[in-house]
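K.L.:
Before I ask anything, let me first share the structure, which is written out below as C-alpha coordinates.
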Amino acid sequence: MVALPALPLVLALLVFVFPELRRWAAMAGSAGIAAALVAVGGEVAEGANRHPLGGWPAPPGIALLADPLSVLFLGLTAVVGAAATFYALGYWAGHRGLDGRPDPRERAFWPLWWMLWAGLNALFLAGDAFNAYVALEVLSLAAVALVAVAGDAGALRAALRYLLVSLAGSLAYLAGVALLYAEHGVLDLAALAGAVEPGPGGVGALAVLTAGLLMKTALFPLHFWLPAAHSRAPGPVSAVLSGLVVKAGFFLLLRYWFWVYGGWEVAAGTALIGTLGAVAVLWGSVQALAVPRLKLLVAYSTVAQLGYLFLAFALISEPGVAGNLGQEGALYLALSHGLAKGGAFLMAGTCLFAAGNDRLEGIGATLRRLPVSTAAFALAGISLIGLPPTGGFVGKWLLLRAMAEAEAWVWLGVIAAGTFLAAGYTFRVLIPVFQAGTEPPRLKRSPPRVMEISALLLALAAVGMGFLAPVIEPLMLGLQGPSP
(Lines give C-alpha, C1' and ligand atoms only; values in the text may rest on other atoms or scores of the structure.)
Protein backbone atom coordinates (compact mmCIF):
# COMPACT_ATOMS: atom_id res chain seq x y z
CA MET A 1 0.00 0.00 0.00
CA VAL A 2 2.84 2.38 0.87
CA ALA A 3 4.29 1.87 -2.63
CA LEU A 4 1.41 3.71 -4.30
CA PRO A 5 2.41 7.17 -3.02
CA ALA A 6 6.08 6.30 -2.43
CA LEU A 7 6.94 5.10 -5.95
CA PRO A 8 5.91 8.29 -7.82
CA LEU A 9 7.61 10.36 -5.11
CA VAL A 10 10.88 8.47 -5.68
CA LEU A 11 10.50 8.90 -9.43
CA ALA A 12 9.97 12.64 -8.99
CA LEU A 13 13.33 12.88 -7.21
CA LEU A 14 14.99 10.61 -9.76
CA VAL A 15 13.93 12.54 -12.87
CA PHE A 16 14.81 15.81 -11.15
CA VAL A 17 18.41 14.64 -10.71
CA PHE A 18 18.61 12.54 -13.89
CA PRO A 19 16.17 14.05 -16.43
CA GLU A 20 17.45 11.74 -19.19
CA LEU A 21 15.69 8.84 -17.39
CA ARG A 22 12.21 10.25 -18.05
CA ARG A 23 11.26 7.52 -20.54
CA TRP A 24 12.42 4.74 -18.27
CA ALA A 25 10.57 6.37 -15.37
CA ALA A 26 7.37 6.60 -17.42
CA MET A 27 7.37 2.88 -18.22
CA ALA A 28 8.60 1.65 -14.85
CA GLY A 29 6.37 4.03 -12.91
CA SER A 30 3.18 3.16 -14.78
CA ALA A 31 3.85 -0.58 -14.50
CA GLY A 32 4.93 -0.39 -10.86
CA ILE A 33 1.86 1.60 -9.80
CA ALA A 34 -0.41 -0.83 -11.64
CA ALA A 35 1.22 -3.79 -9.86
CA ALA A 36 0.94 -2.09 -6.46
CA LEU A 37 -2.73 -1.32 -7.14
CA VAL A 38 -3.44 -4.97 -7.96
CA ALA A 39 -1.84 -5.96 -4.64
CA VAL A 40 -3.91 -3.40 -2.73
CA GLY A 41 -7.07 -4.56 -4.49
CA GLY A 42 -6.33 -8.10 -3.35
CA GLU A 43 -5.90 -6.92 0.24
CA VAL A 44 -9.20 -5.05 0.13
CA ALA A 45 -10.95 -8.15 -1.24
CA GLU A 46 -9.68 -10.06 1.80
CA GLY A 47 -10.64 -7.30 4.22
CA ALA A 48 -7.10 -6.15 5.08
CA ASN A 49 -7.50 -2.44 4.42
CA ARG A 50 -5.65 -0.44 7.10
CA HIS A 51 -1.87 0.03 7.25
CA PRO A 52 -0.40 1.86 10.27
CA LEU A 53 2.71 3.73 9.16
CA GLY A 54 5.78 2.77 11.16
CA GLY A 55 3.76 0.14 13.02
CA TRP A 56 2.14 2.81 15.21
CA PRO A 57 -1.63 2.32 15.50
CA ALA A 58 -3.92 5.33 15.31
CA PRO A 59 -4.04 7.36 17.44
CA PRO A 60 -1.35 8.67 17.73
CA GLY A 61 -0.05 6.96 14.60
CA ILE A 62 -1.17 7.60 11.03
CA ALA A 63 -2.97 4.87 9.11
CA LEU A 64 -3.36 4.47 5.39
CA LEU A 65 -6.85 3.33 4.45
CA ALA A 66 -7.81 1.28 1.39
CA ASP A 67 -11.46 0.37 0.81
CA PRO A 68 -13.53 -0.19 -2.34
CA LEU A 69 -14.08 3.57 -2.74
CA SER A 70 -10.36 4.37 -2.65
CA VAL A 71 -9.52 1.43 -4.94
CA LEU A 72 -11.95 2.74 -7.56
CA PHE A 73 -10.35 6.19 -7.53
CA LEU A 74 -6.84 4.75 -7.46
CA GLY A 75 -7.73 2.64 -10.49
CA LEU A 76 -9.02 5.71 -12.33
CA THR A 77 -5.79 7.52 -11.47
CA ALA A 78 -3.66 4.64 -12.73
CA VAL A 79 -5.46 4.46 -16.09
CA VAL A 80 -5.70 8.18 -16.84
CA GLY A 81 -2.25 8.85 -15.40
CA ALA A 82 -0.57 6.16 -17.53
CA ALA A 83 -2.28 7.32 -20.74
CA ALA A 84 -1.39 10.96 -20.08
CA THR A 85 2.20 9.99 -19.19
CA PHE A 86 2.83 8.32 -22.54
CA TYR A 87 1.02 11.18 -24.27
CA ALA A 88 3.41 13.57 -22.50
CA LEU A 89 6.43 11.69 -23.86
CA GLY A 90 5.20 12.31 -27.41
CA TYR A 91 4.09 15.85 -26.58
CA TRP A 92 7.51 16.96 -25.35
CA ALA A 93 9.31 15.03 -28.09
CA GLY A 94 7.34 17.12 -30.57
CA HIS A 95 8.52 20.31 -28.86
CA ARG A 96 12.19 19.57 -29.36
CA GLY A 97 14.16 22.15 -31.30
CA LEU A 98 15.57 21.68 -34.78
CA ASP A 99 18.89 20.76 -33.20
CA GLY A 100 17.21 17.97 -31.20
CA ARG A 101 17.56 19.68 -27.86
CA PRO A 102 14.68 19.18 -25.41
CA ASP A 103 12.31 22.01 -24.55
CA PRO A 104 13.61 23.67 -21.34
CA ARG A 105 10.12 23.37 -19.83
CA GLU A 106 10.31 19.58 -19.98
CA ARG A 107 12.89 19.41 -17.22
CA ALA A 108 10.47 21.14 -14.84
CA PHE A 109 7.51 19.10 -16.07
CA TRP A 110 8.50 15.56 -15.11
CA PRO A 111 9.32 16.03 -11.39
CA LEU A 112 6.08 17.98 -10.95
CA TRP A 113 4.18 15.31 -12.87
CA TRP A 114 5.27 12.53 -10.53
CA MET A 115 4.69 14.74 -7.49
CA LEU A 116 1.12 15.25 -8.63
CA TRP A 117 0.63 11.50 -9.04
CA ALA A 118 2.10 10.90 -5.56
CA GLY A 119 -0.31 13.47 -4.11
CA LEU A 120 -3.31 11.82 -5.76
CA ASN A 121 -2.41 8.34 -4.51
CA ALA A 122 -1.66 9.62 -1.01
CA LEU A 123 -4.97 11.45 -0.83
CA PHE A 124 -7.04 8.46 -1.96
CA LEU A 125 -5.32 6.36 0.73
CA ALA A 126 -5.51 8.95 3.50
CA GLY A 127 -7.07 7.59 6.67
CA ASP A 128 -6.23 10.67 8.71
CA ALA A 129 -7.74 14.15 8.35
CA PHE A 130 -4.42 16.00 8.60
CA ASN A 131 -2.64 13.53 6.34
CA ALA A 132 -5.37 14.21 3.77
CA TYR A 133 -4.55 17.93 4.09
CA VAL A 134 -0.86 17.27 3.42
CA ALA A 135 -1.70 15.18 0.34
CA LEU A 136 -4.13 17.86 -0.82
CA GLU A 137 -1.40 20.51 -0.58
CA VAL A 138 1.16 18.41 -2.45
CA LEU A 139 -1.41 17.77 -5.15
CA SER A 140 -2.55 21.39 -5.43
CA LEU A 141 0.92 22.94 -5.53
CA ALA A 142 2.10 20.46 -8.17
CA ALA A 143 -1.04 21.13 -10.24
CA VAL A 144 -0.56 24.91 -10.07
CA ALA A 145 3.08 24.61 -11.10
CA LEU A 146 2.16 22.33 -14.01
CA VAL A 147 -0.29 24.93 -15.31
CA ALA A 148 2.49 27.52 -15.15
CA VAL A 149 4.86 25.20 -17.09
CA ALA A 150 3.12 26.31 -20.30
CA GLY A 151 5.04 29.54 -19.84
CA ASP A 152 2.85 32.08 -21.67
CA ALA A 153 1.24 35.06 -19.98
CA GLY A 154 -2.26 33.53 -20.04
CA ALA A 155 -1.03 30.35 -18.35
CA LEU A 156 0.81 32.31 -15.66
CA ARG A 157 -2.29 34.40 -14.87
CA ALA A 158 -4.40 31.25 -14.73
CA ALA A 159 -1.87 29.53 -12.46
CA LEU A 160 -1.77 32.50 -10.09
CA ARG A 161 -5.57 32.56 -9.81
CA TYR A 162 -5.57 28.79 -9.28
CA LEU A 163 -2.93 29.15 -6.57
CA LEU A 164 -4.88 31.80 -4.64
CA VAL A 165 -8.14 29.84 -4.76
CA SER A 166 -6.32 26.63 -3.87
CA LEU A 167 -4.67 28.20 -0.84
CA ALA A 168 -8.00 29.63 0.32
CA GLY A 169 -9.60 26.20 -0.03
CA SER A 170 -6.73 24.54 1.85
CA LEU A 171 -6.97 27.03 4.71
CA ALA A 172 -10.70 26.45 4.99
CA TYR A 173 -10.18 22.68 5.03
CA LEU A 174 -7.42 22.99 7.65
CA ALA A 175 -9.67 25.18 9.81
CA GLY A 176 -12.32 22.48 9.71
CA VAL A 177 -9.77 19.85 10.70
CA ALA A 178 -8.63 22.06 13.61
CA LEU A 179 -12.23 22.39 14.83
CA LEU A 180 -12.67 18.62 14.73
CA TYR A 181 -9.42 18.04 16.62
CA ALA A 182 -10.23 20.67 19.22
CA GLU A 183 -13.55 18.97 19.97
CA HIS A 184 -12.61 15.30 19.75
CA GLY A 185 -8.83 15.09 20.15
CA VAL A 186 -8.36 12.66 17.25
CA LEU A 187 -7.65 13.00 13.53
CA ASP A 188 -8.09 9.41 12.37
CA LEU A 189 -11.15 9.36 10.11
CA ALA A 190 -12.43 6.03 11.45
CA ALA A 191 -12.13 7.31 15.03
CA LEU A 192 -13.86 10.56 14.08
CA ALA A 193 -16.70 8.59 12.50
CA GLY A 194 -17.41 7.08 15.89
CA ALA A 195 -16.85 10.28 17.86
CA VAL A 196 -18.64 13.04 15.95
CA GLU A 197 -22.01 13.94 17.47
CA PRO A 198 -24.66 16.46 16.39
CA GLY A 199 -23.97 19.94 17.69
CA PRO A 200 -22.78 23.42 16.72
CA GLY A 201 -19.12 22.43 16.72
CA GLY A 202 -19.62 19.52 14.37
CA VAL A 203 -21.87 21.54 12.05
CA GLY A 204 -19.34 24.39 11.91
CA ALA A 205 -16.47 22.04 11.14
CA LEU A 206 -18.44 20.34 8.37
CA ALA A 207 -19.46 23.68 6.86
CA VAL A 208 -15.89 25.00 6.76
CA LEU A 209 -14.51 21.72 5.42
CA THR A 210 -17.15 21.64 2.72
CA ALA A 211 -16.51 25.23 1.62
CA GLY A 212 -12.80 24.55 1.23
CA LEU A 213 -13.29 21.32 -0.71
CA LEU A 214 -15.91 22.88 -2.99
CA MET A 215 -13.31 25.52 -3.94
CA LYS A 216 -10.92 22.73 -4.87
CA THR A 217 -13.59 20.89 -6.85
CA ALA A 218 -14.80 24.03 -8.65
CA LEU A 219 -18.51 23.63 -8.02
CA PHE A 220 -20.55 26.60 -9.27
CA PRO A 221 -20.16 29.47 -8.32
CA LEU A 222 -16.62 28.62 -7.13
CA HIS A 223 -15.64 27.44 -10.60
CA PHE A 224 -14.26 30.75 -11.89
CA TRP A 225 -10.63 29.59 -11.76
CA LEU A 226 -11.14 26.31 -13.61
CA PRO A 227 -11.77 27.23 -17.30
CA ALA A 228 -8.61 29.32 -17.65
CA ALA A 229 -6.39 26.90 -15.70
CA HIS A 230 -7.55 23.80 -17.56
CA SER A 231 -7.53 25.37 -21.01
CA ARG A 232 -4.15 27.13 -20.66
CA ALA A 233 -2.24 24.16 -19.23
CA PRO A 234 -0.18 21.85 -21.49
CA GLY A 235 -2.23 19.06 -23.10
CA PRO A 236 -1.35 16.19 -20.72
CA VAL A 237 -1.78 18.46 -17.70
CA SER A 238 -5.28 19.53 -18.79
CA ALA A 239 -6.30 15.86 -18.97
CA VAL A 240 -5.25 15.01 -15.42
CA LEU A 241 -6.54 18.28 -13.96
CA SER A 242 -10.01 17.62 -15.36
CA GLY A 243 -10.04 13.84 -15.14
CA LEU A 244 -8.38 13.39 -11.74
CA VAL A 245 -7.41 16.46 -9.72
CA VAL A 246 -10.90 17.92 -9.34
CA LYS A 247 -12.04 14.46 -8.15
CA ALA A 248 -9.82 14.77 -5.06
CA GLY A 249 -12.13 17.27 -3.37
CA PHE A 250 -15.17 15.23 -4.37
CA PHE A 251 -13.59 12.11 -2.86
CA LEU A 252 -12.98 13.84 0.47
CA LEU A 253 -16.50 15.25 0.50
CA LEU A 254 -17.82 11.71 0.16
CA ARG A 255 -15.60 10.62 3.04
CA TYR A 256 -16.80 13.34 5.40
CA TRP A 257 -20.48 13.64 4.49
CA PHE A 258 -21.33 9.96 4.23
CA TRP A 259 -18.88 8.32 6.58
CA VAL A 260 -17.59 10.67 9.29
CA TYR A 261 -20.97 12.44 9.43
CA GLY A 262 -22.90 9.50 8.03
CA GLY A 263 -25.31 9.10 10.94
CA TRP A 264 -26.53 12.69 10.84
CA GLU A 265 -29.61 14.14 9.23
CA VAL A 266 -27.97 15.99 6.34
CA ALA A 267 -30.93 16.56 4.02
CA ALA A 268 -30.74 20.38 4.15
CA GLY A 269 -27.04 20.43 3.28
CA THR A 270 -27.29 17.87 0.51
CA ALA A 271 -30.25 19.74 -1.00
CA LEU A 272 -28.16 22.94 -1.17
CA ILE A 273 -25.22 21.14 -2.75
CA GLY A 274 -27.55 19.38 -5.17
CA THR A 275 -29.05 22.72 -6.21
CA LEU A 276 -25.59 24.16 -6.91
CA GLY A 277 -24.84 21.03 -8.94
CA ALA A 278 -27.99 21.54 -11.00
CA VAL A 279 -27.03 25.15 -11.76
CA ALA A 280 -23.51 24.00 -12.68
CA VAL A 281 -24.91 21.49 -15.21
CA LEU A 282 -26.86 24.21 -17.00
CA TRP A 283 -24.37 27.09 -16.67
CA GLY A 284 -21.32 25.10 -17.74
CA SER A 285 -23.15 23.63 -20.72
CA VAL A 286 -24.40 27.01 -21.95
CA GLN A 287 -20.89 28.46 -21.68
CA ALA A 288 -19.46 25.50 -23.62
CA LEU A 289 -21.88 26.30 -26.43
CA ALA A 290 -20.62 29.89 -26.66
CA VAL A 291 -16.83 29.83 -26.28
CA PRO A 292 -14.56 30.17 -29.36
CA ARG A 293 -11.79 27.68 -28.44
CA LEU A 294 -11.81 23.88 -28.23
CA LYS A 295 -9.89 23.53 -24.95
CA LEU A 296 -12.08 26.19 -23.35
CA LEU A 297 -15.17 24.29 -24.52
CA VAL A 298 -13.89 21.11 -22.89
CA ALA A 299 -13.04 23.06 -19.72
CA TYR A 300 -16.57 24.45 -19.39
CA SER A 301 -17.86 20.96 -20.08
CA THR A 302 -15.96 19.92 -16.94
CA VAL A 303 -17.87 22.55 -14.93
CA ALA A 304 -21.12 21.06 -16.25
CA GLN A 305 -20.17 17.41 -15.77
CA LEU A 306 -19.02 18.03 -12.19
CA GLY A 307 -22.51 19.36 -11.56
CA TYR A 308 -23.93 15.86 -12.06
CA LEU A 309 -21.73 14.51 -9.26
CA PHE A 310 -23.10 17.08 -6.82
CA LEU A 311 -26.62 16.83 -8.15
CA ALA A 312 -26.41 13.26 -6.88
CA PHE A 313 -25.77 14.61 -3.36
CA ALA A 314 -29.45 15.54 -3.17
CA LEU A 315 -30.26 11.85 -3.61
CA ILE A 316 -27.49 10.01 -1.78
CA SER A 317 -28.96 10.92 1.62
CA GLU A 318 -32.38 9.53 0.62
CA PRO A 319 -33.26 6.32 2.48
CA GLY A 320 -33.54 2.96 0.79
CA VAL A 321 -33.29 2.31 -2.92
CA ALA A 322 -33.09 5.97 -4.00
CA GLY A 323 -30.04 6.63 -1.84
CA ASN A 324 -28.20 3.53 -2.99
CA LEU A 325 -28.90 4.26 -6.65
CA GLY A 326 -27.85 7.90 -6.21
CA GLN A 327 -24.58 6.77 -4.64
CA GLU A 328 -23.82 4.31 -7.43
CA GLY A 329 -24.76 6.86 -10.09
CA ALA A 330 -22.46 9.51 -8.63
CA LEU A 331 -19.50 7.13 -8.43
CA TYR A 332 -20.10 5.70 -11.90
CA LEU A 333 -20.30 9.19 -13.40
CA ALA A 334 -17.12 10.22 -11.58
CA LEU A 335 -15.20 7.29 -13.06
CA SER A 336 -16.60 7.53 -16.59
CA HIS A 337 -16.16 11.32 -16.60
CA GLY A 338 -12.50 10.95 -15.63
CA LEU A 339 -11.86 8.65 -18.59
CA ALA A 340 -13.94 10.59 -21.13
CA LYS A 341 -12.69 14.01 -20.12
CA GLY A 342 -9.10 12.78 -20.07
CA GLY A 343 -9.53 11.54 -23.64
CA ALA A 344 -11.26 14.76 -24.74
CA PHE A 345 -8.53 16.99 -23.34
CA LEU A 346 -5.76 14.86 -24.84
CA MET A 347 -7.50 15.15 -28.20
CA ALA A 348 -7.86 18.92 -27.81
CA GLY A 349 -4.18 19.15 -26.94
CA THR A 350 -3.33 17.19 -30.09
CA CYS A 351 -5.33 19.64 -32.24
CA LEU A 352 -3.54 22.60 -30.66
CA PHE A 353 -0.19 20.87 -31.14
CA ALA A 354 -0.87 20.03 -34.80
CA ALA A 355 -2.62 23.19 -36.01
CA GLY A 356 -0.98 25.79 -33.78
CA ASN A 357 -4.35 26.95 -32.46
CA ASP A 358 -7.57 25.43 -31.14
CA ARG A 359 -10.10 27.90 -32.52
CA LEU A 360 -13.41 26.26 -33.32
CA GLU A 361 -13.62 28.32 -36.48
CA GLY A 362 -12.06 25.99 -39.02
CA ILE A 363 -11.80 23.05 -36.60
CA GLY A 364 -13.41 20.74 -39.17
CA ALA A 365 -10.52 21.15 -41.60
CA THR A 366 -8.00 20.29 -38.89
CA LEU A 367 -9.91 17.24 -37.69
CA ARG A 368 -10.20 15.84 -41.21
CA ARG A 369 -6.41 15.53 -41.08
CA LEU A 370 -6.63 13.80 -37.68
CA PRO A 371 -9.13 10.92 -38.02
CA VAL A 372 -7.90 9.06 -34.91
CA SER A 373 -8.29 12.18 -32.77
CA THR A 374 -11.73 12.80 -34.26
CA ALA A 375 -12.78 9.27 -33.32
CA ALA A 376 -11.42 9.80 -29.79
CA PHE A 377 -13.45 12.98 -29.32
CA ALA A 378 -16.58 11.34 -30.73
CA LEU A 379 -16.32 8.38 -28.35
CA ALA A 380 -15.57 10.62 -25.36
CA GLY A 381 -18.42 12.89 -26.38
CA ILE A 382 -21.06 10.17 -26.49
CA SER A 383 -20.05 9.15 -22.95
CA LEU A 384 -20.31 12.75 -21.73
CA ILE A 385 -23.73 13.03 -23.38
CA GLY A 386 -24.77 9.77 -21.75
CA LEU A 387 -25.61 7.67 -24.79
CA PRO A 388 -25.62 3.87 -24.53
CA PRO A 389 -23.58 1.73 -24.16
CA THR A 390 -21.08 4.05 -22.46
CA GLY A 391 -20.17 4.49 -18.81
CA GLY A 392 -21.83 7.90 -18.88
CA PHE A 393 -25.11 6.22 -19.85
CA VAL A 394 -24.90 3.77 -16.93
CA GLY A 395 -24.20 6.60 -14.47
CA LYS A 396 -27.04 8.75 -15.75
CA TRP A 397 -29.41 5.80 -15.85
CA LEU A 398 -28.68 5.07 -12.18
CA LEU A 399 -29.28 8.72 -11.33
CA LEU A 400 -32.55 8.78 -13.27
CA ARG A 401 -33.75 5.67 -11.44
CA ALA A 402 -32.83 7.26 -8.11
CA MET A 403 -34.74 10.43 -9.00
CA ALA A 404 -37.78 8.44 -10.07
CA GLU A 405 -37.70 6.52 -6.77
CA ALA A 406 -37.45 9.79 -4.82
CA GLU A 407 -40.01 11.50 -7.11
CA ALA A 408 -37.48 14.30 -7.69
CA TRP A 409 -38.96 15.44 -10.99
CA VAL A 410 -37.13 18.79 -11.08
CA TRP A 411 -33.77 17.00 -11.05
CA LEU A 412 -34.98 14.78 -13.88
CA GLY A 413 -35.59 17.91 -15.94
CA VAL A 414 -32.08 19.17 -15.18
CA ILE A 415 -30.51 15.93 -16.39
CA ALA A 416 -32.61 15.98 -19.57
CA ALA A 417 -31.63 19.61 -20.30
CA GLY A 418 -27.97 18.91 -19.54
CA THR A 419 -27.99 15.93 -21.88
CA PHE A 420 -29.35 17.96 -24.80
CA LEU A 421 -26.88 20.77 -24.12
CA ALA A 422 -23.98 18.26 -23.96
CA ALA A 423 -25.06 16.93 -27.34
CA GLY A 424 -25.05 20.50 -28.63
CA TYR A 425 -21.48 21.34 -27.66
CA THR A 426 -20.20 17.90 -28.69
CA PHE A 427 -21.70 18.11 -32.16
CA ARG A 428 -20.51 21.70 -32.39
CA VAL A 429 -17.05 20.17 -32.76
CA LEU A 430 -17.96 17.12 -34.83
CA ILE A 431 -20.43 18.45 -37.42
CA PRO A 432 -17.86 20.67 -39.25
CA VAL A 433 -15.77 17.54 -39.93
CA PHE A 434 -18.48 16.22 -42.25
CA GLN A 435 -19.40 19.48 -43.94
CA ALA A 436 -18.29 19.95 -47.52
CA GLY A 437 -15.34 22.24 -47.96
CA THR A 438 -12.04 22.76 -49.65
CA GLU A 439 -9.13 20.39 -49.25
CA PRO A 440 -8.01 20.70 -45.62
CA PRO A 441 -4.75 22.61 -45.17
CA ARG A 442 -1.60 20.79 -44.19
CA LEU A 443 -0.91 20.62 -40.48
CA LYS A 444 1.86 22.76 -39.08
CA ARG A 445 3.35 19.61 -37.60
CA SER A 446 2.28 15.99 -37.41
CA PRO A 447 1.59 14.80 -33.88
CA PRO A 448 3.42 11.68 -32.70
CA ARG A 449 1.18 8.65 -33.00
CA VAL A 450 1.33 8.00 -29.26
CA MET A 451 -0.57 11.25 -28.62
CA GLU A 452 -3.55 10.21 -30.72
CA ILE A 453 -3.52 6.61 -29.47
CA SER A 454 -3.48 7.71 -25.82
CA ALA A 455 -6.58 9.86 -26.33
CA LEU A 456 -8.35 7.07 -28.21
CA LEU A 457 -7.61 4.49 -25.51
CA LEU A 458 -9.11 6.67 -22.78
CA ALA A 459 -12.19 7.33 -24.90
CA LEU A 460 -12.57 3.60 -25.55
CA ALA A 461 -12.23 2.96 -21.81
CA ALA A 462 -15.07 5.43 -21.16
CA VAL A 463 -17.23 3.45 -23.59
CA GLY A 464 -16.07 0.17 -22.11
CA MET A 465 -17.24 1.28 -18.66
CA GLY A 466 -20.75 0.65 -19.92
CA PHE A 467 -19.97 -3.04 -20.38
CA LEU A 468 -18.16 -3.38 -17.04
CA ALA A 469 -21.11 -2.38 -14.87
CA PRO A 470 -21.61 -5.94 -13.49
CA VAL A 471 -17.95 -5.96 -12.38
CA ILE A 472 -17.74 -2.41 -11.01
CA GLU A 473 -21.09 -2.09 -9.24
CA PRO A 474 -20.25 -4.74 -6.58
CA LEU A 475 -17.27 -2.57 -5.57
CA MET A 476 -19.64 0.26 -4.70
CA LEU A 477 -20.43 -1.24 -1.31
CA GLY A 478 -21.33 2.06 0.30
CA LEU A 479 -19.67 5.29 1.28
CA GLN A 480 -19.21 4.13 4.85
CA GLY A 481 -15.63 3.16 5.58
CA PRO A 482 -14.42 0.33 7.78
CA SER A 483 -14.88 0.40 11.50
CA PRO A 484 -12.13 1.89 13.67
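The values are calculated or read from the model by the stated rules, or taken from the named source; none is laboratory data. Given the structure is predicted, the values throughout are model-derived calculations rather than measurements. Neighbour counts run over all protein chains shown; Cβ positions are idealised from the backbone, glycine included. To get the accessible areas, we keep the full protein, side chains included, count just its heavy atoms, and leave off ligands, DNA and RNA. Shrake-Rupley method; radii C 1.70, N 1.55, O 1.52, S 1.80 Å.
K.L.:
Heavy-atom accessible area per residue, the chain, 1.4 Å probe: how many Å²?
P.N.:
It amounts to 37 Å² per residue over the chain.
K.L.:
If you average the sequence gap of Cα pairs under 8 Å that are 6 or more apart and divide by the length of the chain, what percent do you get for the contact order? Could you put the intermediate results ahead of the total?
P.N.:
Working: 864 pairs, mean separation 77.8, N = 484.
Relative contact order, the chain: 16 percent.
K.L.:
What whole number of Å gives the distance from the Cα centroid of the stretch 186-264 to the Cα centroid of the stretch 322-345?
P.N.:
Cα centroid of the stretch 322-345 versus Cα centroid of the stretch 186-264: 16 Å apart.
K.L.:
What value does the chain have for Rg/Rh, both radii from Cα atoms and Rh as Kirkwood defines it?
P.N.:
On the Cα set of the chain, Rg over Rh gives 0.96.
K.L.:
Another question, if that's okay. Can you report the principal axis dimensions of the stretch 217-310 using only the alpha carbons, biggest first, rounded to whole angstrom?
P.N.:
46, 25, 16
K.L.:
Each label point is 7 Å from the Cα along the Cα-to-Cβ direction; what then is the distance between the points at TRP24 and ARG369, in nm?
P.N.:
Distance between label points: 3.7 nm.
K.L.:
Another question, then. Which order do the peptides 240-249, 193-202 take when ranked by the mean count of other beta-carbon atoms within 10 Å per residue, highest first?
P.N.:
240-249, 193-202
K.L.:
Sticking with this one: Run the accessible area of the chain with a 1.4 Å probe and give the carbon-and-sulfur part as a rounded percent.
P.N.:
Reported share for carbon and sulfur atoms: 69 percent.
K.L.:
Sticking with this structure for a sec: Mind checking the full-extension length gain between ALA31 and PHE130? Use 0.36 nm per residue of separation minus the Cα-Cα distance, one decimal, nm.
P.N.:
That pair, ALA31 and PHE130, stretches by 32.7 nm at full extension.
K.L.:
Hey, what number do you get for the chain at 222 nm if only DSSP H runs of n ≥ 4 count, each worth -39500 (n - 2.57), divided across all residues, to the nearest 500?
P.N.:
-24000 deg cm²/dmol
K.L.:
Now for a separate question. Obtain the nm distance between the two label points defined at ALA416 and LEU443 by a simple spin-label model: each point lies 7 Å from its Cα along the Cα-to-C-beta direction.
P.N.:
Label-label distance for ALA416 and LEU443, simple model: 4.2 nm.
K.L.:
State to the nearest 20 debye the size of the charge dipole of the chain about its Cα centre, where the only charges are +1 on K and R beta carbons and -1 on D and E beta carbons.
P.N.:
With Lys and Arg at +1 and Asp and Glu at -1, about 1880 debye.
K.L.:
Another one. In nanometres, what is the gap between the two model label sites at ARG101 and GLU46, each 7 Å from Cα along Cα-to-Cβ?
P.N.:
A separation of 5.4 nm, rounded to one decimal place.
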